[in-house]
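These notes are about the structure you will find just below.
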Amino acid sequence: MGLLEGKLGIVFGVANKRSIAWAIAQAWHREGAKLAFTYQGERLKDNVEELAGTFGADTLILPCDVTSDEQIKAVFSTVKEKFGRLDLMLHSVAFAPKEALEGDFINTSRDAFKMAHDISAYSLIGLAREAAPLMDRGGSIVAMTYYGAEKVVPHYNVMGVAKAALEA
């Protein structure tokens, strides 16, 4: 019997088989958790469906653009309908436009700054707000960060600031 036997979780942020989110999902599943997965956009849908499908044909796979409160609510409404509750949530979501990761940080546009923070940091608030009511027996929310939140890392630029916000 695994440490997470009977636990129900949702994973945000699997991009491919090399994703840290995928490694965590595999560990949770190995320990007995039943998981739901989300994907952002059609580009990632096939990857997530292929990977999550290895956990069984009945694995819940849902679209979710974390910049959309409506999509976030729809995801958790479906999770409530299918699972009834939730024990685990993984936030492994981050994004900044390519141009905000190149060149000098001082050239980051306002729009790129807003986008990086909305997707990489604020999304945790939106997801946690919807997950919390489903965690009526308690639960765990895990958010992924990176060393670049604490130290300057070349070409990480605005993502370092967004991850620092996430950590705070």
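The values are calculated or read from the model by the stated rules, or taken from the named source; none is laboratory data. Every value quoted in this text rests on a predicted model; they were computed, and no experiment measured them. Positions of Cβ are backbone-derived with ideal geometry, glycine not excepted, and every protein chain shown enters the neighbour counts. For accessibility, only protein heavy atoms count, side chains too; no ligands or nucleic acids. Shrake-Rupley method; radii C 1.70, N 1.55, O 1.52, S 1.80 Å.
Tabulated data
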| item | result |
| --- | --- |
| Hits in the range 34-58 (condition: closer than 23 Å to Met1 by Cα, open to solvent by less than 40 Å² (accessible area, probe 1.4 Å) and part of a loop (DSSP other than H, G, I, E, B)) | Gly56 |
| Complete set of residues in the range 1-33 that are open to solvent by less than 30 Å² (accessible area, probe 1.4 Å) and on the phi > 0 side of the Ramachandran plot | Gly13, Gly32 |
| Tally, over the range 81-139, of residues that are in a helix (DSSP H, G or I), out of contact with any helix residue (DSSP H, G or I) (no Cβ under 7 Å at 6 or more places or on another chain) and surrounded by 14 or more Cβ atoms within 10 Å (Cβ to Cβ) | 8 |
| Residue list for the range 111-129, filter: in contact with a Ser or Thr (Cβ under 7 Å, 6 or more places away or on another chain) and hydrophobic (A, V, I, L, M, F, W, C) | Ile119 |
| Criterion (in contact (Cβ under 8 Å) with a residue 40 or more places away in the chain and over 22 Å from Gly32 (Cα atoms)) met by exactly one of Ala96, Ala74, Ala131 | Ala96 |
| Hits in the range 113-128 - residues which are aliphatic (A, V, I, L, M) and either within 16 Å of Ala168 (Cβ to Cβ) or touching a residue at least 60 places away in the same chain (Cβ under 8 Å) (or both) | Ala116, Ala121, Leu124, Ile125, Leu127, Ala128 |
| Candidate set: the range 59-80, residues that are of a type in the set (A, V, I, L, M, F, W, C) and farther than 14 Å from Ala131 by Cβ; chosen: the one surrounded by the fewest Cβ atoms within 10 Å (Cβ to Cβ) | Ile61 |
| Selection count where residues are closer than 25 Å to Leu86 by Cα and touching an Asp or Glu at 6+ places or on another chain (Cβ under 6 Å), scope the range 127-168 | 2 |
| Considering residues of the range 4-33 that are assigned to a helix (DSSP H, G or I) and touching a residue at least 24 places away in the same chain (Cβ under 8 Å) only, the residue farthest from Leu134 (Cα to Cα) | Ile20 |
